[in-house]
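See below for the structure under consideration.
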Amino acid sequence: MPNLSGFRIRSPNPIRERVYSHLRKAVLSGRIPTNERLVETQLASQLGTSRTPIREALHKLELENLVSSIPRVGYVVKGLSEEDVNDICDIRSVIEGLAVKRAMSQITEKNLERLRRNIEETRRAIHEKRMDRMVTFDTEFHDILCQSSGSKRIHELSQLLREYMLKFRIECLRTPEVASRAALAHERIFQAICERNLTKAQTSIDDHLREVREDIISYYRSTERSHA
């Protein structure tokens, strides 16, 4: 059972929403690992609440396909399959390709500067071997890109898809080679946007997400072998 001490709920939202939000983040970030059994009584004790909001949260996570309900066992955290990774990356390519198309004609100087600063900070983190910061910069880059489309729906969908791969991306980006490859991909996307070259920008996004797919699947397979 994961240790969620210090994970206390402090928010004005209803308790069921707060419990759901905290458990979802713990699952997506890998704080609660794949195949971990989720016991209602233990979770209720650690989060300082009753079993009812825990049960409701676990049901919602099951609907999101993040946990499985197993008879006489309870809930267990699910992982991503290679098929899931392929699907998510394919859909992200379409969504982020649309985002950059929308952004091309309306991106503000402020957001261009935010992207530029993000790339500089990413380079610095890699140079200083601060790999723990890479997932933050990676997330920020794609957030700025999708926000620049001017579409709330595009941004929300992109966020949702990236969240499903978060725990794998966290592990992958700790590898300097993977982090450097992602940084170069972001630089190519940014340069294409600055040039207002839509074809180059969309191709760069497709190439980047193909590399993301390969990195995650490679990590997934190596993890499977280590547990075989």
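Quickly work out the His127-to-Lys25 label distance, labels modelled 7 Å from Cα along the C-beta direction, and quote it in nm with one decimal.
3.2 nm
What list of ³J(HN,Hα) values in whole Hz, one per residue of the range 96-111 in order, does the Karplus curve 6.51 cos²θ - 1.76 cosθ + 1.60 (θ = phi - 60°) give from phi, with Gly and Pro shown as x?
After applying 6.51 cos²θ - 1.76 cosθ + 1.60, I find 6, x, 5, 4, 5, 5, 5, 5, 3, 9, 9, 4, 8, 4, 4, 6 Hz.
Can you list residues from other chains, or at least 5 along the same chain, whose modelled amide H is less than 5 Å from the amide H of Leu38?
Excluding prolines and chain starts, which carry no amide H, the hits are Tyr75, Val76, Val77.
Spelling out what I want: for every residue of the range 142-147, take phi, set θ = phi - 60°, compute 6.51 cos²θ - 1.76 cosθ + 1.60 (Karplus), and round to whole Hz; glycine and proline get x.
Karplus-based 3J(HN,Hα) across the range 142-147 equals 5, 5, 4, 4, 6, 4 Hz.
Please work out the C-alpha center-to-center distance from the range 97-112 to the range 21-70 and express it in whole Å.
Centre-to-centre (Cα) distance: 37 Å.
Within the chain, what is the number of lysine pairs with alpha carbons under 21 Å apart, leaving out pairs fewer than eight places apart on the same chain?
11
Want the number for Cys194 to Gln106: 0.36 nm per residue separation, take away the alpha-carbon distance, what's left?
Here the segment from Cys194 to Gln106 would lengthen by 30.5 nm.
Using a simple charge model, +1 on the beta-carbon of Lys and Arg, -1 on the beta-carbon of Asp and Glu, nothing else, what dipole does the chain show about its Cα centre, in debye to the nearest 20?
It comes to approximately 720 debye.
How tilted is helix 176-194 with respect to the longest principal axis of the chain? Cα atoms for both, answer in degrees (0 to 90, nearest 10).
50 degrees
Scan (i) 1.06; (ii) 1.01; (iii) 0.93 for the value of Rg/Rh (Cα atoms, Kirkwood Rh) calculated from this model and give just the label.
Identified label for the calculated read-out: (ii).
Starting from the Cα gyration tensor of the range 15-77, take the square roots of the eigenvalues, sort them a ≥ b ≥ c, and report rounded, prolate or oblate (rounded when a/c is under 1.5, otherwise prolate if a/b is larger than b/c, else oblate). Walk me through the numbers on the way to the answer.
Values: a/c = 1.40, a/b = 1.18, b/c = 1.18.
In terms of gyration-tensor shape, rounded.
Can you give me the Kirkwood hydrodynamic radius for the range 118-228, using every pair of distinct Cα atoms, in Å to one decimal?
By the Kirkwood definition, the hydrodynamic radius is 14.7 Å.
If you rank Cys89, Cys194, Cys146 by fewest surrounding Cβ atoms within 10 Å, what's the result?
Result, fewest neighbours first: Cys194, Cys89, Cys146.
Per-residue HN-Hα couplings for the range 113-120, Karplus 6.51 cos²θ - 1.76 cosθ + 1.60 at θ = phi - 60°, whole Hz, x for Gly and Pro?
5, 4, 5, 4, 5, 4, 5, 5
Bear in mind these aren't lab numbers, they're just calculated from the coordinates by the rules spelled out. Just so you know, these numbers come straight off a predicted model, no measurement behind them. Neighbour counts run over all protein chains shown; Cβ positions are idealised from the backbone, glycine included.
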